[in-house]
Amino acid sequence: MSNMQFITAQKPITRKITSIGNSLGVTLPTDFINSLNLEKGETVDVFLQDDVIVLKKTQTPKSIDEDLLKLIFEEMEAHDEALKGLAKR
């Protein structure tokens, strides 16, 4: 059983809503932070799923192959006018 499965199998941990600047928020238990290898400044995705708030580590995209990126930019330049026309619609 992975560490995260162990944590989610435990009973819920009650946290108090607190002021964070002009917003409201909650702190996360250290075990949760460690299980996701989160560090200060990293981003997380937060969304509602039915009546549950879901928070998960943001997946960083894998790097794009430089040849593919070059091809994308070349195609964008080649079709610049058409793309501008579509953007205005």
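The values are calculated or read from the model by the stated rules, or taken from the named source; none is laboratory data. As the structure is a prediction and not an experimental result, all values here were calculated from the model. Please note: Cβ atoms are built from the backbone with ideal geometry, for glycine as well, and neighbour counts cover all protein chains shown.
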Q) Do you know which of the residues in region 30-68 that are closer than 17 Å to Pro12 by Cα and of a type in the set (Asp, Glu) is surrounded by the fewest Cβ atoms within 10 Å (Cβ to Cβ)? A) Asp51
Q) What number of residues in region 1-46 are among the aliphatic types (A, V, I, L, M), closer than 17 Å to Lys57 by Cβ, part of a loop (DSSP other than H, G, I, E, B) and modelled with pLDDT of 90 or more? A) 3
Q. Is one or more of the residues making up region 53-65 among the acidic types (Asp, Glu), more than 16 Å from the chain's Cα centre (by Cα) and at pLDDT 90 or above?
A. no
